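In what follows, a single structure is set out as structure tokens and then discussed.
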Amino acid sequence: STSHALLRVSDLSVRFGGIVALDGISFDVRRGEICGVIGPNGAGKTTLFNCLSRLYTPAAGTITFDGADLLAKPQHAIAAAGIGRTFQNVALFPAMTVRENVMVGRHCRTGTGYLANAFRLSAVRREEAEVRQCTDRLLTLLNLDDMAETPVKYLSFGTRKRVEMARALVAEPKLLLLDEPAAGLNHEEVDALRQLIVDVRDLFQVTVLLVEHHLNLVMRVSDQVVAMNFGRKIADGPPAQVQADPEVVRAYLGTE
Ligand code: ATP
């Protein structure tokens, strides 16, 4: 039923000059679900993500998140509203330790509130203790304890993915947006990532929206898949159904 939808995207349209990047796209994501978004290059996946994190304001349509109008919120309020994301190309701070990188994610959420509190020492101490506790718990759950004090630049690519995930999770999002997390990973690392995404959903009871070119990963990890082409939704449903959909097959055969 609709009350289980954490996220509802309705008739969303985005234009860049003459280009229609999103053309009336609608779908629901249920609480606790892993939802994959697929589509050929230029389908509008990144534009959709940028609407959800309020980098773009759509020309038309609505986004309801956790019962509220997301488009009524400014970009800086998104993390506090419960949306976290990882970025395709935004690196961690290489010289900072794993723990420091993760703690940065917490301060992103508290934003101005944290600074306002800075005038009250007790509040700052309480906040720091909370951040430290939350960070410690995440490092343990994501199996990063041994590397907590290691600068990120010494870590493998796969381990960095876990740190990125921890950095997003430390803000305690309800919805986690993963932007092409498999980009640049080898076969074993993709396998580990698949397990990591499932573990993260199970452990943190977070809802996951995953944009990804790696179809095999999406099909294996998702409860629901939304397929896009030319800014429109061409199919959605369980992975096997979407994979077999004639329009999805055609979209991929036409471009690869
Ligand atoms: P990819 O898989 O290659 O990342 P995508 O599915 O994420 O593609 P988008 O990046 O959302 O697709 O692009 C959708 C369409 O909008 C494309 O035609 C793209 O060229 C266009 N587009 C995206 N961002 C902009 C922008 N800032 N200015 C102009 N056109 C844009």
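The values are calculated or read from the model by the stated rules, or taken from the named source; none is laboratory data. Everything numeric here is computed off the predicted structure, so don't read it as measured data. Using ideal geometry, Cβ is built from the backbone for each residue, glycine included, and neighbour counts are taken over all protein chains shown. SASA here: full protein model, heavy atoms, side chains in, ligands and nucleic acids out. Shrake-Rupley method; radii C 1.70, N 1.55, O 1.52, S 1.80 Å.
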Here is a check on your reading of the model: is Leu217 assigned to a strand (DSSP E or B), within 16 Å of the ligand (Cβ to nearest atom) and either touching a Gly at 6+ places or on another chain (Cβ under 9 Å) or free of Cβ contacts under 8 Å to residues at least 40 places away in the same chain (or both)? no
Tell me, please, whether a residue that is in a strand (DSSP E or B) and closer than 18 Å to Leu52 by Cβ can be found in the stretch 189-197. no
Determine if the stretch 220-229 includes at least one residue that is assigned to a loop (DSSP other than H, G, I, E, B), open to solvent by 40 Å² or more (accessible area, probe 1.4 Å) and closer than 28 Å to Thr64 by Cβ. yes
Just to verify a result, which residue in the stretch 54-72, among those that are at pLDDT below 95 and either surrounded by 15 or more Cβ atoms within 10 Å (Cβ to Cβ) or in a strand (DSSP E or B) (or both), is nearest to the chain's Cα centre (by Cα)? Arg54
Qualifying positions in the stretch 16-37 - on the phi < 0 side of the Ramachandran plot and near the ligand (Cβ under 9 Å from one of its atoms): Phe16, Ile19, Val20, Ala21, Leu22, Val37
Among the residues of the stretch 18-54, write down those that are small (Gly, Ala, Ser) and out of contact with any Pro (no Cβ under 8 Å at 6 or more places or on another chain). Gly18, Ala21, Gly24, Ser26, Gly32, Gly39, Gly42, Ala43, Gly44, Ser53
Within the stretch 8-57, work out how many residues are farther than 19 Å from Leu176 by Cα, in contact with a Cys (Cβ under 9 Å, 6 or more places away or on another chain) and aliphatic (A, V, I, L, M). 3
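Which ones in the stretch 38-53 are near the ligand (Cβ under 8 Å from one of its atoms) and either aromatic (Phe, Trp, Tyr) or in a helix (DSSP H, G or I) (or both)? Break it down into steps so the answer makes sense when it comes.
So in the stretch 38-53, the residues near the ligand (Cβ under 8 Å from one of its atoms) come out as 39-50.
Within the stretch 38-53, Lys45, Thr46, Thr47, Leu48, Phe49, Asn50 meet the criteria.
Would it be correct to say that Glu212 is of a type in the set (D, E, K, R), crowded, with 21+ Cβ neighbours inside 10 Å, out of contact with any Phe, Trp or Tyr (no Cβ under 9 Å at 6 or more places or on another chain) and modelled with pLDDT under 95? So that I can check it myself, show each step before the final result.
Numbers: of a type in the set (D, E, K, R): yes; crowded, with 21+ Cβ neighbours inside 10 Å: yes; out of contact with any Phe, Trp or Tyr (no Cβ under 9 Å at 6 or more places or on another chain): yes; modelled with pLDDT under 95: yes.
Taking the combined requirement at face value, the residue satisfies it.
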Can you find, within the stretch 144-170, the residue that is modelled with the lowest pLDDT among those that are more than 20 Å from the chain's Cα centre (by Cα) and not aliphatic (A, V, I, L, M)? Ser156
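Table: residues versus (1) within 20 Å of Gly84 (Cβ to Cβ); (2) hydroxyl-bearing (Ser, Thr, Tyr); (3) not in a loop (DSSP other than H, G, I, E, B).
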{"residue": "Arg137", "(1), (2), (3)": "yes, no, yes"}
{"residue": "Thr140", "(1), (2), (3)": "yes, yes, yes"}
{"residue": "Asp146", "(1), (2), (3)": "no, no, yes"}
{"residue": "Arg160", "(1), (2), (3)": "yes, no, yes"}
{"residue": "Glu164", "(1), (2), (3)": "yes, no, yes"}
{"residue": "Ala171", "(1), (2), (3)": "yes, no, no"}
